12 protein chains.
Amino acid sequence: MSDHVYKAVELTGSSTENSDEAIRNAIAKAAKTLHKLRWFEVTDIRGHIEDGAIAHWQVSLKVGFSLDA
Amino acid sequence: MSDHVYKAVELTGSSTENSDEAIRNAIAKAAKTLHKLRWFEVTDIRGHIEDGAIAHWQVSLKVGFSLDA
Amino acid sequence: MSDHVYKAVELTGSSTENSDEAIRNAIAKAAKTLHKLRWFEVTDIRGHIEDGAIAHWQVSLKVGFSLDA
Amino acid sequence: MSDHVYKAVELTGSSTENSDEAIRNAIAKAAKTLHKLRWFEVTDIRGHIEDGAIAHWQVSLKVGFSLDA
Amino acid sequence: MSDHVYKAVELTGSSTENSDEAIRNAIAKAAKTLHKLRWFEVTDIRGHIEDGAIAHWQVSLKVGFSLDA
Amino acid sequence: MSDHVYKAVELTGSSTENSDEAIRNAIAKAAKTLHKLRWFEVTDIRGHIEDGAIAHWQVSLKVGFSLDA
Amino acid sequence: MSDHVYKAVELTGSSTENSDEAIRNAIAKAAKTLHKLRWFEVTDIRGHIEDGAIAHWQVSLKVGFSLDA
Amino acid sequence: MSDHVYKAVELTGSSTENSDEAIRNAIAKAAKTLHKLRWFEVTDIRGHIEDGAIAHWQVSLKVGFSLDA
Amino acid sequence: MSDHVYKAVELTGSSTENSDEAIRNAIAKAAKTLHKLRWFEVTDIRGHIEDGAIAHWQVSLKVGFSLDA
Amino acid sequence: MSDHVYKAVELTGSSTENSDEAIRNAIAKAAKTLHKLRWFEVTDIRGHIEDGAIAHWQVSLKVGFSLDA
Amino acid sequence: MSDHVYKAVELTGSSTENSDEAIRNAIAKAAKTLHKLRWFEVTDIRGHIEDGAIAHWQVSLKVGFSLDA
Amino acid sequence: MSDHVYKAVELTGSSTENSDEAIRNAIAKAAKTLHKLRWFEVTDIRGHIEDGAIAHWQVSLKVGFSLDA
């Protein structure tokens, strides 16, 4: 039970709505190809501005998953 | 008025809803035993993933309070 | 098209509602005097606590804009 | 002599005079309830400005003390 | 099951043996007064040198525990 | 009362006397053109050495001011 | 001989024994699918605590390998 | 001669050529409106990729100038 | 157009010529297997020295690419 | 005039008086053996506490000097 | 007793055995030429991998020693 | 072959030409007195500006060399 190994990949999700939604979009995308996702950690919160308002949010995160069979 | 002293403690709140709610949960918990809470600062935004979606958000924060009588 | 120059300023927005709204408030304020806003990056998420609850959120961000004519 | 354990708490002291005095104020306050204080380390030097001058200095520091009986 | 709140304290353990033992000493000390310890994270690995050899190791760590009843 | 927006600028003050005076010089200079200064935070403490002694101290700080009318 | 390109992946190994063993476990796992492993760098030393003692160590590391044919 | 005050602004220059040219472009732009530029410090080296090659380099830097009359 | 997801990988390129060439080599290598490369960010500039001169430059960078179909 | 080379050494000065005096002590000591000292930069401000008050201040700094003949 | 001055040098020790041994090797080497060694602090834990296993550990550390006569 | 010990010194090279040349100048200078130079790592890229253009580049780097006989 103890000697698990995990791998983390760095993703950036985006959303026109808000910062939490950008995170959810990145995880949903990752879940399509990576199974056994276990945790995430936000590393950067950014966004693009157009016409004086936020056009879309961009949140970078590390997503960890188990390498165990 | 000037020579106040503050102490900061490090908490991690969690929420199944979103990141801001995790912060509010941590502060609400702290407010039960610590009076004179004055400020907070987020130090980490994480979460656990189950079945390809966020099971709960975990936000770490420093919460500062006055040590004055 | 390539040799653009950008400037970034550091702002802190506040909101009684939530962290994303504090960001939007800072950008809306900046947009009144700075044109060609292009991006933002969050550098700090803080807030003030009164009576054991968040009185207002304070989010610091860098806001970048084009210096091109 | 070797297997001591220490705990560190994070304090913010303030002073209308100068930055060193803010540090001394925080330590004096801590010494009222914590015995066996051993060291401090400054983590942040800030202050409030009123009418174009420093109204009070605020210095954050970690203060370490022995947990040994 | 989801809205737990955790607190982290910062400790420094020491050992004449090695770095891992310094960590174990700090946790063993914490476990005497804090229940529901859940995790630790190393923040600093140091030591004192006497007569050209390591006299004792000093490892600082954050130790997290549940605030739930 | 809550939705204020602040801007921070980065200044470096110098002084032949000491580090606190370098901070005061930077703030005094800023106060001549910026009103509603609210806070400062030290980011760097440096200095120049001539003939084996400190010729002048140079302290960098962020100075925040209100953008509200 | 000079224009090599390397890729680094971020892994977390765990061990019930000690921190170095957690690192060895991560590298052993990586070596099963990645050839030409060249170096590692520790980025985080953590662990889980159960019943007041370390249940398992978790060490995060970057592992670099050659992309050359 | 000693009590000078400096201000630093954060710029991002770009270039299709190389990283040093992006720095020079940012400084040349700044020099058009800011006199008494004194120093710069690189804070970030980035770029955009198109068709598998660098389309333009983007280098962020702090540029300091004297506020003295 | 807004809900894109990107992935970043960490590469180290080398060159006997100069630092920018090491970056170009890493991106050229990545472009052979990864399509839709969008940006890079330098994280480390190093090199090996032989006989008192730089034998080759080694630059680490994050390279981001689109995960969209 | 332009192709100078400098070396920086890391020192820690101490003082029973205050933080600035600890810096001056370190520089005075360095000046006894190193000529052409040019600049310093503070990297850490610490101290030892005895009987609930600061026994001595310890400030770490980098001190740079010219290697030119 | 109070106005001591210390110098720190940055070393990297290596070992085929484990990380603590790499630290001990670096200190043993330093002790041959530097007297009055007082403390060390680990700054980096790395290593080389050959044939899918750790060939040797490389640990960087700052080692401080007294400059007093 | 494995238990080597290295020392790193911190240098700043300058050049009127470009950033890479400033690095080469620092290493060439170091090579005059230090043998067995093995690697370098850039820690800071700065420069002085005169009349609105870069007068000279200043690049700080750590240079490592073997302490083995």
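Observations on the model:
- Failed item, numbered, when C:V59 is tested on (1) in contact with a Lys or Arg (Cβ under 7 Å, 6 or more places away or on another chain); (2) closer than 20 Å to B:V63 by Cβ; (3) in contact (Cβ under 8 Å) with a residue 12 or more places away in the chain: (1)
- Index of the failed condition, L:H4 passing every other in (1) at pLDDT below 95; (2) more than 7 Å from every other protein chain (Cβ to nearest Cβ); (3) touching a helix residue (DSSP H, G or I) at 6+ places or on another chain (Cβ under 9 Å): (2)
- Residue tally, condition outside any strand (DSSP E or B), open to solvent by 20 Å² or more (accessible area, probe 1.4 Å) and among the aliphatic types (A, V, I, L, M), over segment G:22-45: 3
- Residue check for H:E10: under 10 Å from the mean Cα position of the chain (by Cα), more than 19 Å from C:D3 (Cα to Cα) and open to solvent by 30 Å² or more (accessible area, probe 1.4 Å): no
- For segment A:46-60, the condition of being buried (at least 20 other Cβ atoms within 10 Å of the Cβ), facing another protein chain (nearest Cβ under 7 Å), part of a strand (DSSP E or B) and among the hydrophobic types (A, V, I, L, M, F, W, C) holds for at least one residue.
- Failed item in (1) within 7 Å of another protein chain (Cβ to nearest Cβ); (2) touching a residue at least 12 places away in the same chain (Cβ under 8 Å), with J:A31 passing the rest: (2)
- Qualifying residue in segment D:8-15 (condition: within 15 Å of F:R24 (Cα to Cα) and within 8 Å of another protein chain (Cβ to nearest Cβ)): yes
- Verdict on I:D68 being more than 11 Å from chain H (Cβ to nearest Cβ), surrounded by fewer than 22 Cβ atoms within 10 Å (Cβ to Cβ) and at pLDDT below 95: yes
- Residues that are touching a residue at least 12 places away in the same chain (Cβ under 8 Å) and assigned to a helix (DSSP H, G or I), drawn from segment I:1-21: I:S19, I:E21
The values are calculated or read from the model by the stated rules, or taken from the named source; none is laboratory data. Computed from a prediction, not measured in an experiment: that's the story for all the values here. As a convention, Cβ positions derive from the backbone with ideal geometry for all residues, glycine included, and neighbour counts pool all protein chains shown. The accessibility values were calculated without ligands, DNA or RNA, using every heavy atom of the protein model including side chains. Shrake-Rupley method; radii C 1.70, N 1.55, O 1.52, S 1.80 Å.
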